[in-house]
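*Asks:* Structure below; questions to follow.
Nothing in this text is a laboratory measurement; each read-out follows from the coordinates by a stated rule. None of these values were measured; they are calculated from a predicted model. Using ideal geometry, Cβ is built from the backbone for each residue, glycine included, and neighbour counts are taken over all protein chains shown.
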């Protein structure tokens, strides 16, 4: 059973980043005209805009990677570069995505790699396919504990027509383009891995990473670090629990101390009573 929904997009209020750069919002409705319960683009853009004003600006990639994602990253980086012209800050990028467009992932990778202020990429939950690839464009690569990466060969969806199937030359072009994309992804990943494993030859790294591409392995944070696909395994700390533990320990120590003091007083009282007798 499939749910029939018609997605209507109409422009709403835009969030102005800098003159000439804006993120257009939209409102999504179902075919009956009722609103779908989800964070709308207007609210989402407001949140993303606020995060760009942090001391450490933050970029969120919490969606399948499309050209719209690349457009958001392009404008966010431009905004940071314009508003921090004298000294570019480090930027934190939070990645939770199943992947998506190869071309959009290439652009985001290059934007991150070319940013001179420093990009800290953090995979929270999962960074699959293009998500694992754009992490390699970050200057500091972190995969949080219990989160996963997945890397694989590029794939493509095409609308097959009778004319296309009857023209081997066109199929050869598609095959060649896909092969070139795979070579680029492998080369970019291997070069990044080599930075943290300089003792390992590029050729050996490419051979090893290529096997992961073919196997389409889901790698937990520790394994991703072993393979050189991340620099650090992030530890998630529950601040509330962390704050309670010292307080509980202190209370136990005080109770224990009070008990020891009470026993000492009792012993002293017994000794004084005995001496008096």
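*Asks:* Which order do the peptides 126-139, 78-91, 222-235, 53-66 take when ranked by the mean count of other beta-carbon atoms within 10 Å per residue, highest first?
*Replies:* 126-139, 222-235, 53-66, 78-91
*Asks:* Between Rg and the Kirkwood Rh of the stretch 56-241, both from Cα atoms, what is the Rg to Rh ratio?
*Replies:* Answer for the stretch 56-241: 1.02.
*Asks:* Also, I was wondering about something else. Using 1/(1 + (r/R0)^6) with R0 = 41 angstrom and r between the beta carbons of residue 174 and residue 220, what's the FRET efficiency to the nearest 0.05?
*Replies:* 0.75
*Asks:* What's the extension gain from residue 86 to residue 197 if we count 0.36 nm per residue and subtract their Cα-Cα distance?
*Replies:* 36.6 nm
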